[in-house]
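Student: Here's a structure for you.
Bear in mind that the values in this text are calculations on the coordinates, not laboratory data. Fair warning: this is a prediction, and the values are worked out from it, not measured in the lab. Heads up, the Cβs are rebuilt from the backbone with ideal geometry, glycines too, and the neighbour counts pull from every protein chain shown.
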Amino acid sequence: MKKILIIVVGLILALGLSFTPAPVKAYTIIDFGVIAPTGGSIYYTGGVTPLYGTGIDVDSVTGIGTPLNNGVTVPLTGYFLNFTTGNLVSSNSNNWYFSPGGSITISDGTTTLLTGTFTNAQVVAVGSIYKVSIAEFFDTKDPNLLAYFGLPDTTYSGNFNISFYASGLPPGAFTSSIVLSGNITNTPIPAPATMLLLGSGLLGLVGLARKKFKK
């Protein structure tokens with residue numbers, strides 16, 4: 001009986017190790033930089049329409065805590081952030097809130113470094129002119145970019161904050177062609193705990209084996 005238990009436990013450990021993804025450091029981040037002055041625009045046309053961002057220059061990408069090229073900043077030329085959120089769902093005296101959905105990309109028209117969908121987004125008015133767009137999204141990335149930083153080809157959790165000037169207060173419309181600066185950051189989402197389910201099943205086999213050999 002002991003021999004069978006050793007074999008089954010060894011199988012659990014072997015399978016667990018074989019399916020364990022390459023380790024990713026805590027707080028592993030890919031950071032896309034938007035450095036002022038930048039081209040592009042951010043606008044909201046009023047009513048239950050989305051927030052739009054078009055042609056916003058993305059100037060660099062940096063790996064923070066990455067397995068490869070940690071701390072290296074790569075300049076980007078000709079890459080633009082474009083996005084459309086879900087529709088406006090509510091507002092208050094200082095905020096516009098937008099629903100999940102829409103799309104976000106960073107691309108030069110040939111290579112798309114990031115593509116995803118929003119989980120939420122808002123614009124914060126700090127006074128009547130200065131504003132900050134804040135958002136969360138899920139995305140996937142270009143395999144060559146991931147290979148450069150030694151990161152897994154999986155789904156990523158993203159955020160951005162982009163400041164800009166535009167007149168107007170909620171719930172009114174606004175248009176800005178004075179985009180200042182910001183960051184689009186990402187961190188990998190751990191793979192589902194598939195091996196926990198497999199391990200539970202194999203441990204169940206151990207229990208059956210015990211019952212069988214006690215008879």
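Student: Under 12 Å from the Cβ of N183, count the other residues' Cβ atoms, weight Lys and Arg +1, Asp and Glu -1, and hand me the total.
Tutor: -2
Student: If you bin the C-alpha pair distances of the stretch 49-167 every 5 Å from 0, what whole percents do you get?
Tutor: Reading the bins upward from 0: 2, 11, 19, 21, 19, 13, 9, 5, 1.
Student: Here's something else I'd like to know. Run the numbers for T119 and Y27: contour at 0.36 nm per residue of separation, minus the present Cα-Cα distance, in nm.
Tutor: The span from T119 to Y27 would gain 31.1 nm if fully extended.
Student: Just going by the charge dipole of the stretch 23-190, with Lys and Arg at +1 and Asp and Glu at -1 on Cβ, which of S41, A173, T77 is farthest out on the positive end?
Tutor: Most positive-ward Cα: A173.
Student: Once fully extended, how much extra length lies between T54 and T140, figured as 0.36 nm per residue of separation less the alpha-carbon to alpha-carbon distance?
Tutor: The span from T54 to T140 would gain 29.0 nm if fully extended.
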